[in-house]
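Engineer: Sharing a structure below in structure tokens format, with a few things to ask.
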Amino acid sequence: MDENRRLGVFLKKRRQDLGLTQMQVAQALGYLGPQCVDLWEQGLSTPPEGNLKDIIDLYQITLGEFVDWILEKRDMNSEEVVNVRKKSCERRIEEVQNIEEKSCFVFLGQEFEII
């Protein structure tokens, strides 16, 4: 089963578990009709990236649950999952360090630190 189909199955099950109709989901996300939700659930299209946060909120799932589900469906063993999470944490640490390194600026030849 491809990733779009897996995502569709996941979204459909979650929607049904919450007792929501496709129309209710569509309206909550600002769509006029349920066709887009139906296409997502069939795996024929995927939600726009801009809607993922709203979908996660609407379906009452944490981002961690969503990531865990995706990793699980990719048949990763626990060591691979740990490595993926470790790399993700390392990237976040590097991003914070980069921000801290750039936390000063020069104004009229004078260096200032941003606190």
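Engineer: Restricting to segment 30-68, give me the number of residues that are part of a loop (DSSP other than H, G, I, E, B), open to solvent by 50 Å² or more (accessible area, probe 1.4 Å) and more than 13 Å from Arg15 (Cβ to Cβ). Let's see the steps before the verdict.
Structural biologist: The first filter runs over segment 30-68 and keeps only residues part of a loop (DSSP other than H, G, I, E, B), leaving 30-34, 43-48, 59-62.
With the extra rule that they be open to solvent by 50 Å² or more (accessible area, probe 1.4 Å), the set shrinks to 30-32, 44, 46, 48, 60, 62.
Then drop every residue that is not more than 13 Å from Arg15 (Cβ to Cβ), which leaves 30-32, 44, 46, 48, 62.
Number satisfying all stated conditions: 7.
Engineer: Another question, if that's okay. Condition first: open to solvent by 70 Å² or more (accessible area, probe 1.4 Å) and part of a loop (DSSP other than H, G, I, E, B). Now tell me which residues in segment 1-20 satisfy that.
Structural biologist: Met1, Asp2
Engineer: Oh, and also: Which residue out of Ser45, Ser78, Ser103 is modelled with pLDDT under 65, among the polar types (S, T, N, Q) and under 22 Å from Leu7 (Cα atoms)?
Structural biologist: Criteria check complete, one pass: Ser78.
Engineer: Which of the numbered conditions does Glu90 fail, given that it passes all the others? Conditions: (1) within 22 Å of Glu3 (Cα to Cα); (2) among the acidic types (Asp, Glu); (3) surrounded by fewer than 12 Cβ atoms within 10 Å (Cβ to Cβ); (4) modelled with pLDDT of 60 or more.
Structural biologist: The number of the failed condition is (1).
The values are calculated or read from the model by the stated rules, or taken from the named source; none is laboratory data. On a predicted model such as this, the values are computed, not experimentally measured, just so you know. Because the Cβ atoms are built from the backbone with ideal geometry, glycine has one as well, and the counts that use them run over all protein chains shown. Just so you know, the surface numbers come from the protein's heavy atoms only, side chains and all, with ligands and any DNA or RNA stripped out. Shrake-Rupley method; radii C 1.70, N 1.55, O 1.52, S 1.80 Å.
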